[in-house]
Amino acid sequence: MENRNTAPVGVFDSGVGGLTVAREISRQLPNENIVYFGDTARVPYGSKSQNTIIRFSEQIIRFLKTKEVKAIVIACNTASALALDAVRGEFDVPVMGVVIPGARAAVEATRNRKVGVVGTDATVKSGMYTKIIHSMAPDVTVIEKACPLFVPLVEEGFKDHVVTQEIIEYYLESMRSSDIDAMILGCTHYPLLRSKIREYMGEKIQIVNPAYETAMDLKKLLHEQGMENSGDTERHSIYSFYVSDAAEKFRRFANTVMPFDVPTTNVVNIEEY
């Protein structure tokens with residue numbers, strides 16, 4: 001690896017949701033270069049078995065390693081839950097997911113020891129947020145709620161539409177009437193609905209965005225390992241985007257999420273890795 005300080009950070013997701021994680025990394029670590037991979041040909045991961053998700057994650061990490069990344073962020077709740085432990089021991093590059101940082105932030109945020117989690121069907125069925133929160137704080141009560149329609153609403157550009165408001169109320173009514181005081185957005189698409197969710201849930205609930213917490217954990221990791229990019233003022237950070245299919249659709253969506261214009265998106269045959 002040329003210089004590991006200037007080497008990029010790899011970020012991957014089953015599709016476009018992980019862009020919210022890339023966005024937080026670009027905000028909190030503006031000097032870092034990022035290589036993003038979205039597995040758009042095989043999305044969604046939520047309906048796949050653990051073995052399949054581990055295999056997909058291994059292929060993507062092998063691809064990212066060809067880009068000489070110095071660290072990898074699994075910007076997908078499902079893959080973080082089901083594949084992180086398996087791939088961690090397998091590669092000589094630090095790998096982190098989004099679930100542990102989000103769980104830890106919620107445990108720190110809750111005062112009354114009651115936490116809500118919203119996520120996809122797969123994330124909620126796996127119960128992983130509950131497991132991880134209980135491993136950190138056995139006394140915390142966790143209520144998990146699947147909100148499967150949030151993802152398509154975001155991807156189809158409906159986030160400011162009245163129908164989205166109605167679906168938020170439909171899914172979150174029971175959670176609003178519970179007495180949780182912290183809630184984890186347990187899917188990387190959900191931060192794009194954050195202001196609407198916050199409006200509905202009210203001020204008494206702290207909303208935890210695992211994308212932000214993950215960026216802060218990454219910052220700490222790079223600092224501890226002496227790998228952060230100090231950056232020189234002459235040079236802008238370099239972001240490159242790769243997908244396994246539908247590059248143009250991905251690029252259009254990425255332009256609505258990232259704070260800059262997303263350049264060309266390259267298609268990779270991920271099955272070769």
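The values are calculated or read from the model by the stated rules, or taken from the named source; none is laboratory data. From a predicted model like this one, the values you see are computed outputs, not experimental measurements. For neighbour counting, all protein chains shown are included, and Cβ atoms are generated from backbone atoms with ideal geometry for every residue, glycine included. These area figures cover heavy atoms from the full protein model, side chains too; ligands, DNA and RNA do not enter into them. Shrake-Rupley method; radii C 1.70, N 1.55, O 1.52, S 1.80 Å.
Taking segment 28-41 as the search range and keeping residues that are of a type outside the set (Gly, Ala, Ser) and outside any loop (DSSP other than H, G, I, E, B), which one is most open to solvent (accessible area, probe 1.4 Å)?
Gln28
Check Tyr200, Tyr129, Tyr190 and return the single one that is within 22 Å of Ala75 (Cβ to Cβ), aromatic (Phe, Trp, Tyr) and touching an Asp or Glu at 6+ places or on another chain (Cβ under 9 Å).
The conditions single out Tyr129.
What strands (runs of 3 or more DSSP E) lie completely within segment 172-273 and have 3 or more residues being over 21 Å from the mean Cα position of the chain (by Cα) and not hydrophobic (A, V, I, L, M, F, W, C)?
Ranges flagged: none.
Filter segment 1-31 down to the residues that are acidic (Asp, Glu) and at pLDDT 95 or above and list them by number.
Asp13, Glu24, listed by residue number.
Go through segment 163-212 and count every residue that is open to solvent by 50 Å² or more (accessible area, probe 1.4 Å) and either aromatic (Phe, Trp, Tyr) or touching a Leu at 6+ places or on another chain (Cβ under 8 Å) (or both).
Number of matching residues: 3.
Just one of the numbered conditions (1) more than 16 Å from Pro210 (Cβ to Cβ); (2) in a helix (DSSP H, G or I); (3) open to solvent by less than 20 Å² (accessible area, probe 1.4 Å); (4) touching a residue at least 40 places away in the same chain (Cβ under 8 Å) is not true of Ile25; which one?
Going through the list (1) more than 16 Å from Pro210 (Cβ to Cβ); (2) in a helix (DSSP H, G or I); (3) open to solvent by less than 20 Å² (accessible area, probe 1.4 Å); (4) touching a residue at least 40 places away in the same chain (Cβ under 8 Å), Ile25 breaks only (1).
If I ask for residues that are more than 21 Å from Ala246 (Cβ to Cβ), open to solvent by 10 Å² or more (accessible area, probe 1.4 Å) and touching a residue at least 24 places away in the same chain (Cβ under 8 Å), which ones from segment 42-65 would you list?
Once the filter is applied, which keeps residues that are more than 21 Å from Ala246 (Cβ to Cβ), open to solvent by 10 Å² or more (accessible area, probe 1.4 Å) and touching a residue at least 24 places away in the same chain (Cβ under 8 Å), segment 42-65 yields Gln50, Ile54, Glu58, Arg62, Lys65.
Consider Phe260 carefully, then state whether it is out of contact with any strand residue (DSSP E or B) (no Cβ under 7 Å at 6 or more places or on another chain), in the same structural domain as Val43 (by TED's automatic domain parsing) and not charged (D, E, K, R).
When the stated conditions are applied, Phe260 passes them.
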